[in-house]
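What follows is a set of notes on a single structure, which appears directly below.
The values are calculated or read from the model by the stated rules, or taken from the named source; none is laboratory data. As the structure is a prediction and not an experimental result, all values here were calculated from the model. Counting neighbours? That spans all protein chains shown, and the Cβs are built from the backbone with ideal geometry, glycine included.
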Amino acid sequence: MPILVGPGWSLWEADAIACRLSRDVRSDFWRSGNDEPDMIRWISWGKERFAFACDMVHFERGTKQRYGLGPIDQALVEEGLRQFHKAAVVLEPELAAREWLVGNSISYADFRMATFLPFNDVAGLPLDDYPSIRRWYGRLEAIDAWRDPFHGLEAPPLPPVKIEA
């Protein structure tokens, strides 16, 4: 669990920490002012709809297989894909009209929405069915630190995913 500690206080929850750090360094990574409600909307909606659906599929096809937590529950994969399509239909036209979710530059909302997409090689979400989402995610993938967040760190590799026969 991420925890940020200061003199006499501590803050937990990644979204709250991102907000605090962005404000501390006076960055617009976490939007404020008139853009803040839009920022919060995308973070909230993304967590409950888009990222939730992506996680359902990734957990079955990725996490469970990587850590030997049981067979893939195809009914949960199908429900996750149904939820993914339902969310993608909302997100697609929004991203067709702009490059980023909030304002004219990348923000925390973009990274938060895309939380599970780096693992799509295993999850197999149909991103190509949604060209605007695919283009938006391509812009995120072009960022070195997003594509390889552990570059230069000593971290053990993830266990391989054992594909069900």
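At a glance:
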read-out	value
Subset tally (residues that are buried (at least 21 other Cβ atoms within 10 Å of the Cβ), part of a helix (DSSP H, G or I) and over 15 Å from the mean Cα position of the chain (by Cα)) for the stretch 21-47	0
Cross-chain or 6+ apart pairs with Cβ under 9 Å, the stretch 138-158 first and farther than 26 Å from GLU99 by Cα, then loosely packed, with under 10 Cβ neighbours inside 10 Å	HIS151/ASP144; HIS151/ALA145
Close pairs from the stretch 118-132: first in the same structural domain as ALA88 (by TED's automatic domain parsing) and within 16 Å of PHE50 (Cα to Cα), partner small (Gly, Ala, Ser) and part of a helix (DSSP H, G or I), Cβ under 6 Å, at least 6 apart	PHE119/GLY62; ALA123/GLY62; TYR130/ALA88; SER132/ALA96
Unmet criterion (only one of (1) of a type outside the set (A, V, I, L, M, F, W, C); (2) outside the structural domain of ASP110 (by TED's automatic domain parsing); (3) surrounded by 12 or more Cβ atoms within 10 Å (Cβ to Cβ)) for GLY8	(3)
Single residue of the stretch 70-85 satisfying the filter (of a type in the set (A, V, I, L, M, F, W, C) and surrounded by 14 or more Cβ atoms within 10 Å (Cβ to Cβ)) that is nearest to ILE133 (Cα to Cα)	PHE84
Answer residue from the stretch 87-115, given it is more than 22 Å from VAL57 (Cβ to Cβ) and hydroxyl-bearing (Ser, Thr, Tyr) and is surrounded by the most Cβ atoms within 10 Å (Cβ to Cβ) among those	SER107
Condition met for GLU60 (at pLDDT 95 or above, in the same structural domain as LEU91 (by TED's automatic domain parsing), under 28 Å from GLY124 (Cα atoms) and surrounded by fewer than 15 Cβ atoms within 10 Å (Cβ to Cβ))	no
Residue match in the stretch 141-148 (condition: over 26 Å from TRP30 (Cβ atoms), at pLDDT 95 or above and surrounded by fewer than 13 Cβ atoms within 10 Å (Cβ to Cβ))	no
